[in-house]
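Here's the structure we're looking at; comments come further down.
The numbers here are math on the coordinates, done by the rules we state, and not lab data. The structure displayed is predicted, hence computed values, not measured ones. As a convention, Cβ positions derive from the backbone with ideal geometry for all residues, glycine included, and neighbour counts pool all protein chains shown.
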Amino acid sequence: MVTMDEIVALCKRRGFIFQSSEIYGGLNSCWDYGPLGVEMKNNIKRLWWKANVQLRDDVVGLDSSILMNPKVWEASGHLSNFADPMADCKVCKKRWRVDQLQEYKCPECGGELTEARMFNLMFKTFMGPVEDESAVVYLRPETAQGIFVNFVNVQQTMRKKLPFGIAQIGKSFRNEITPGNFIFRTREFEQMEIEYFVKPGTDEYWHKHWIEQRINWYYKLGIRKENLRVREHGKDELAHYAKACVDIEYLFPMGWSELEGIANRTDFDLTQHQKYSGENLTYFDDETKQRYIPYVIEPSAGVDRSLLAFLIDAYEYQQIDKDDFRVVLHLHPAIAPVKAAVFPLMKKEELVKKAREIYNELKYKWIVQYDESGSIGKRYRRQDEIGTPFGITVDYQTLEDETVTIRDRDTMEQVRVHIKEIIPYLEERIEVKF
Ligand code: GAP
């Protein structure tokens, strides 16, 4: 299996992910997505949106603000409950999350630890020019609450009937005690969340439905089945709002770890918001003529963790023959940052002209690259390493019969295709049928 160091090195070398503020020595656990990283991240978000909003009649989207009325966090329980137990090593002064320790001593130097105390993970700041208690606001630790507080707005304006969901993608912030493992656990990250509102009593059915839907999404996008598993939370692990929760776990280099959580949040959040806001957040059921607070099933995925899992799953160091090897990312074409690369076989005017024409046409549809420098073999390998699924080469035959070769990244096999057939050829292979 690939190591995290190899992934970090590839990400930096090829422009996927850089350390934040690197020229100033960086900032712990903060990362910047480079030109290829941002494309890949956008692809993941678009594919999630497509499967969960565009293709579903029962889910609509939302983009709520990161800063919210602080009452939201009182009602949601985050101010009182969203905390991890923390302790410091008396010898080396390192700080640890107590619930992640095997034994109650410093894992680094074996030193004695201070008594554990609870540490709230929410980032605090001030709104406006006066920095006093009345100006305190928080950076949201989950996108979910923006959905709950808009439940009535969305339900009424979109005239939705239960069951229906609201989906949102956006940044969340947690002052994690022990961030690490590259982009796996950071203090600023992006979530893709759905709050799916259902009639109480049907919640267990919908919980199963969403577990199945979400695991299939990863399979469809090429994650190997043996690297995914579903793990149910024990009662002692459940978040303060959940009746049941399962994690979809991925086999990361540091071991099985959470990729996505799918929780049954019951009517906890809407009940709390109704109580704290004084607004009526019930739903009127036309069929039973009753008013009630819906239950909620919540599939909650991390964009950054998904991207990391896709990269790790796709990575291969391939020995081709005795002194020939390549690094190749077998990314699903829909996830690959660059869909195709166009090459003139040689830097000859008539080949360059034709290759540029093809490139200019393709870039209206996808992110594509044009490359004329170095041997064709080297150019293919450069694309293999960033996961570009198709290499399109213009050669002398192109000038005679308008055909090009299309090289498949995984098999390295080439087929000859008429120029007019390039777009349908790529389209068929890039599109995902969810
Ligand atoms: N609204 C429910 C919720 O936020 P969570 O299990 O705390 O649940 C959901 O987070 C997902 O968000 C996780 O499965 C993970 O993918 C991502 N996530 C959470 N904390 C993260 C962090 N510190 N860094 C990166 N991703 C994180």
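I need the peptides 268-274, 201-207, 88-94 ranked by packing, meaning the mean over residues of other C-beta atoms within 10 angstrom, with the highest value on top.
Numbers: 268-274: 20.4, 201-207: 16.1, 88-94: 14.0.
So the order, starting with the most tightly packed, is 268-274, 201-207, 88-94.
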* Asked: Using Cα atoms only, what is the angle between the long axis of helix 303-314 and the major principal axis of the chain, expressed in degrees (0 to 90) to the nearest 10?
  -> 40 degrees
* Structure fact -> Binned at 20 Å from zero, the C-alpha pair distances of the chain give percents of 22, 49, 25, 4
* Quick one: putting +1 on the C-beta of Lys and Arg, -1 on the C-beta of Asp and Glu, what dipole do you get for the chain around its Cα centre, in Debye to the nearest 20? -> 340 debye
* What ranking, highest mean first, results for peptides 389-399, 240-250, 49-59, 296-306 when packing means the other Cβ atoms within 10 Å averaged over each residue? -> 296-306, 389-399, 240-250, 49-59
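Once you charge only the Cβ atoms, +1 for Lys and Arg and -1 for Asp and Glu, what is the size of the charge dipole of region 338-430 about its Cα centre, to the nearest 20 debye? Please report the intermediate quantities before stating the final value.
Details: 17 positive and 18 negative charges, 74 e Å.
It works out to roughly 360 debye.
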* Could you list the residues of region 272-316 with an amide nitrogen less than 19 Å from a label point located 7 Å from the Cα of Gln54 in the Cα-to-C-beta direction? => 303, 307
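Pairs of Cα atoms under 8 Å, at least six residues apart: use those to get the relative contact order of the chain, whole percent. Working shown, then result.
Working: 794 pairs, mean separation 55.2, N = 434.
Relative contact order comes out at 13 percent.
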* Asked: For the Cα atoms of the chain, what angle does the longest principal axis make with the long axis of helix 376-386, in degrees from 0 to 90, nearest 10?
  -> 10 degrees
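How high is the relative contact order of region 1-108, in percent, counting Cα pairs under 8 Å that sit 6 or more residues apart?
Values: 69 pairs, mean separation 12.2, N = 108.
Value for region 1-108: 11 percent.
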* Considering only Gly374, Ile422, Val432, whose Cα is most displaced toward the positive end of the charge dipole of region 344-434, charges sitting on Cβ of Lys, Arg (+1) and Asp, Glu (-1)? -> Gly374
* Structure fact -> Projected onto the charge dipole of region 253-300 (unit charges on the beta-carbon of Lys, Arg, Asp and Glu, signs +1, +1, -1, -1), the Cα from Phe268, Ile297, Ser257 with the largest positive-side position is that of Phe268
* Asked: Say a paramagnetic label sat at a point 7 Å from the Cα of Glu133, along Cα to Cβ; which residues of region 258-300 have their backbone N under 20 Å from it?
  -> none
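Based on the Cα gyration tensor of region 338-430, what are the three equivalent ellipsoid semi-axes, each the root of five times an eigenvalue, rounded to whole Å and given largest first?
Values: eigenvalues 59, 48, 31 Å².
The three semi-axes for region 338-430 are 17, 15, 12 Å.
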* With Cα atoms, 0 to 90° folded angle of helix 203-220 axis to the chain main axis -> 20 degrees
* **Dipole of the chain, positive direction: furthest Cα of Val154, Ala239, Tyr205, with charges on the beta-carbon** => Val154
* For region 198-252, just list the percent of Cα-Cα distances falling in each 5 Å bin from zero outward, please. => 4, 16, 23, 22, 19, 11, 5, 0
* Place a +1 charge on the Cβ of each Lys and Arg in region 129-258 and a -1 charge on the Cβ of each Asp and Glu, then give the dipole magnitude about the Cα centre in debye, rounded to the nearest 20. => 720 debye
* Asked: Where the centroid of each part is defined by its Cα atoms, how far is region 337-351 from region 96-134 in Å?
  -> 53 Å
* Quick one: compute the contact order of region 338-430, relative version, from alpha carbon pairs under 8 angstrom and 6+ residues apart, as a percent. => 29 percent
* With each label point set 7 Å from Cα along the Cα-Cβ vector, what nm distance links Glu115 and Ser375? -> 7.0 nm
* Label region 40-154 by shape, choosing from rounded, prolate and oblate, from the square roots a ≥ b ≥ c of the eigenvalues of the Cα gyration tensor; if a/c is under 1.5 it is rounded, and otherwise prolate applies when a/b is larger than b/c, oblate when it is not. => oblate
